[in-house]
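Undergrad: Attaching a single structure in structure tokens format; questions to follow.
No value in this document is a laboratory result; all are computed from the given coordinates. On a predicted model such as this, the values are computed, not experimentally measured, just so you know. Because the Cβ atoms are built from the backbone with ideal geometry, glycine has one as well, and the counts that use them run over all protein chains shown.
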Amino acid sequence: MRVEGNDQRLAAATAVQMQQSGVQQMLAPKSAQYQDAQNASKENMVQTIAGDKVSINVELPKNTVDTLQKMGSISDFLNSVATNLRQTNEGLKATSAVVTDMKSSLDQIIKTYPPYSVESKERIAQLMTYAGLKKQMMSLMVPTPPPPAYESVKHLWADLFSGSGNTIQTPTLPSDAPDSHVNAAAKQLDVISSQIGLVQESMSKSIMGS
């Protein structure tokens, strides 16, 4: 599929967690001299993720620098993680905004008193607005978050994006849908909104290490 000031914290925390969970082990040489290198003098390599303004201190033995140069830059890897996180967060926020607009269009019908008749032009117009927003929702593509965030939310992610083509399933309402169907659709949208919030919260907690 296709959380504000929190993007920087998410990116930084992800990078730190990546380091703590094995980035150094992945990049360090697997030789018998590695243990000696661990006790050798170390140097700080300060990496900056462009665009996110995040600085990360990564301690690496001096004799692994050549290995890093051969295997690629760690800053590129961290930059990729930060970029993917930002894209996921932006996609979830955009999706949440459309769900809110869909719910608002139904609230215009539900909260009107006396109730609209099924043939009311105003009621039909609101349902047409809803249908247009539903199409917009179907076109949204939210990229899955990078690890380790995805591992902590994959069950929630699968439930949320369970529609065809990994989209969010939202209720379909024809222009003559009865009030009972409109009420049921509004409740389902509340559930979807809660699911999106839960994915965002769980992803943030996993990255912040809480």
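Undergrad: Please get the size of the charge dipole for region 87-208, origin at its Cα centre, with Cβ charges of +1 on Lys and Arg and -1 on Asp and Glu, quoted in debye to the nearest 20.
TA: Charge dipole of region 87-208: 100 debye, to the nearest 20.
Undergrad: What does the charge add up to near Ser117, with Lys and Arg as +1, Asp and Glu as -1, over the other residues with Cβ less than 15 Å from its Cβ? Let's see the in-between values first.
TA: On the way: positive: Lys121, Arg123; negative: Glu119, Glu122, Asp176, Asp179.
Taking every other residue near Ser117 into account, the sum is -2.
Undergrad: Pairs to check: Lys135/Lys187; Lys103/Lys205; Lys93/Lys134; Lys154/Lys187; Lys111/Lys135. Give those whose C-alpha atoms are more than 26 Å from each other in this structure.
TA: In this structure, Lys103/Lys205 exceed 26 Å between Cα atoms.
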